[in-house]
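Chemist: This is the structure I have questions about; it appears just below.
The values are calculated or read from the model by the stated rules, or taken from the named source; none is laboratory data. Everything numeric here is computed off the predicted structure, so don't read it as measured data. Glycine gets a Cβ as well: all are built from the backbone with ideal geometry, and neighbour counts include every protein chain shown. The area values use the complete protein model at the heavy-atom level, side chains included, leaving out ligands, DNA and RNA. Shrake-Rupley method; radii C 1.70, N 1.55, O 1.52, S 1.80 Å.
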Amino acid sequence: MGLDAASVGSGSIQRIIRLRMKGLGIPDATAYRELLSRSRAEWDELVEAVVVTETWFFRDPEAFGVVVEAARACPSGSTLRVLTIPCSSGEEPYSLAIALRDADISAERVRIDAVDISSRALDRAKSAIYGRNSFRGKDLSYRERYFRSTKDGFVLQPEIRNCVKFIEGNLLNSNFAAGLHSYDLFFAGIF
C-alpha cells in the first residue's frame, strides 16, 4: 500500500496484523499473506486498520499560503486543477478550497482531485460533516464563514464541497493516473 512503516510504527503494523489473524483464526503469517493475495475484502480491512486518519483543517497553514501564491501565478481565465494525496477525511482538500476562495479565486475556477487509499475516510470526506476536533488553532474564523453548525457537527457549504472530487486510489499502483487529468499544482499531505 506504500505506507512508510516508520510513520505508523512497525510494531503497530505487526500488532494490527496479529489481531486480524487472530480474529480470522489464521495460525501463521504465510496463510495470512495468501489470504491477502486472494481476498480484496481482507486487503481493504487491513488498509482501514493501518491507515492513520488524524488530520484537521489548516494543519500546516504555511503550505496553504504557498498554494495560494502558486495559484495566483496560473492564468486567470483557466481552471485551476490541483491533486492532493493522501486526503484522508477531507480536511486538507477542503482547506485548499477555502484558502483559494479566501484569496478571491472563484470556486468555479477551482477543481481539486483528492485521493486516498481508505474508502472509509473518503466516505467521511464526502459527507463534509466535521466535529470540533477537526478545527484546531487560534484562528477559526473560516469555520464561521464556510460551515453551518448542526446537531451532527459542522456542515461545509456546497460552494466549497463542489470544488473537490474524491477518488479512491493508491499512488503506487501502476494504473493510478488512468483517468486523471493533468494538474497545475500537486499537494502532498504528510501524516
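Chemist: Please check: in the Gaussian network model of the chain (C-alpha springs, under 10 Å), which one of I112, I129, I13 has the largest mean-square fluctuation.
Modeler: Checking each option, the largest mean-square fluctuation is seen for I13.
Chemist: In deg cm²/dmol and to the nearest 500, what is the mean residue ellipticity at 222 nm of the chain if only DSSP H runs of at least 4 residues count, each as -39500 (n - 2.57), divided by the residue total? Display every interim value, and only then the final one.
Modeler: Details: 9 runs with 84 residues, N = 191.
Per the formula, -12500 deg cm²/dmol.
Chemist: So with the 1.4 Å probe, I'd like the accessible area per residue for the range 15-172, rounded to whole Å². Display every interim value, and only then the final one.
Modeler: Numbers: 8330 Å² over 158 residues.
The answer is 53 Å² per residue.
Chemist: So which residue, out of F57, F166, F154, gets the largest mean-square fluctuation from a GNM of the chain using Cα contacts under 10 Å as springs?
Modeler: The residue that fluctuates most here is F154.
Chemist: Let me ask something additional. Tell me, how many Å apart are the Cα centres for the range 38-69 and for the range 89-116?
Modeler: Distance between centres, Cα-based: 16 Å.
Chemist: Between 0 and 90 degrees, rounded to the nearest ten: what's the tilt of helix 40-50 against the longest Cα principal axis of the chain?
Modeler: Its long axis makes an angle of about 70 degrees.
Chemist: Return the lysines within reach of K126: Cα separation strictly under 17 angstrom, same-chain partners fewer than 8 residues apart disregarded; answer none if there are no such residues.
Modeler: K165
Chemist: With +1 assigned to the C-beta of every Lys and Arg and -1 to the C-beta of every Asp and Glu, and no other charges, what is the dipole magnitude of the chain about the Cα centre in debye, to the nearest 20? Numbers along the way, then the final one.
Modeler: Working: 25 positive and 25 negative charges, 88 e Å.
Once rounded to the nearest 20, the dipole reads 420 debye.
Chemist: Which net charge results for the neighbourhood of L19, defined as the other residues with beta-carbon distances under 14 angstrom from its beta-carbon, given Lys and Arg at +1 and Asp and Glu at -1? Could you put the intermediate results ahead of the total?
Modeler: Values: positive: R15, R18, R20, K22; negative: E42, E45, E48.
Summing Lys/Arg as +1 and Asp/Glu as -1 gives +1.
Chemist: Tell me the angle of helix 91-102 to the major Cα principal axis of the chain, expressed in degrees between 0 and 90 and rounded to the nearest ten.
Modeler: Between helix and principal axis, roughly 10 degrees.
Chemist: Here's another thing I want to ask about it. What is the spin-label model distance, in nm, from E62 to Q14 if the labels are put 7 Å beyond Cα along the C-beta direction?
Modeler: Roughly 3.6 nm, to one decimal.
Chemist: In percent, how large is the relative contact order of the range 87-191, given Cα pairs closer than 8 Å and 6 or more residues apart? Walk me through the numbers before you get to the answer.
Modeler: Values: 115 pairs, mean separation 36.6, N = 105.
Taking the mean separation of contacting Cα pairs over the length of the range 87-191, I get 35 percent.
Chemist: With a point put 7 Å past each Cα toward its Cβ, work out how far A177 is from R132 in nm, to one decimal.
Modeler: In this crude spin-label approximation the distance works out to 4.5 nm.
Chemist: Oh, and also: Specify which residue in the list A71, S39, I26 is farthest towards the positive end of the charge dipole of the range 8-79, using unit charges on the beta carbon of Lys, Arg (+1) and Asp, Glu (-1), about the Cα centre.
Modeler: Positive-end residue among those listed: I26.
Chemist: Then there's this: At a 1.4 Å probe radius, carbon and sulfur cover how many percent of the accessible area of the chain?
Modeler: Values: 5440 of 10550 Å².
Carbon plus sulfur share of accessible area: 52 percent.
Chemist: First measure r as the distance between the Cβ atoms of S141 and F186, then evaluate 1/(1 + (r/R0)^6) with R0 = 25 Å and state the FRET efficiency to the nearest 0.05.
Modeler: Values: r = 28 Å, r/R0 = 1.11.
Computed FRET efficiency for S141 and F186: 0.35.
Chemist: Find out how many positive minus negative residues lie around L83, taking Lys and Arg as positive, Asp and Glu as negative, among other residues whose Cβ is under 13 Å from that of L83. Intermediate values should be presented prior to the final figure.
Modeler: Numbers: positive: R81, R111, K165; negative: E92, D113, D116, D184.
Its environment carries a net charge of -1.
Chemist: Sticking with this one: Over the chain, what is the percentage of antiparallel beta bridges among all DSSP beta bridges, to the nearest 5?
Modeler: Numbers: 6 of 20 bridges.
Around 30 percent antiparallel, to the nearest 5.
Chemist: On to the next question. Which whole-number percentage describes the relative contact order of the chain, with Cα contacts under 8 Å and a sequence gap of 6 or more?
Modeler: Working: 252 pairs, mean separation 49.1, N = 191.
It comes to 26 percent, rounded to a whole number.
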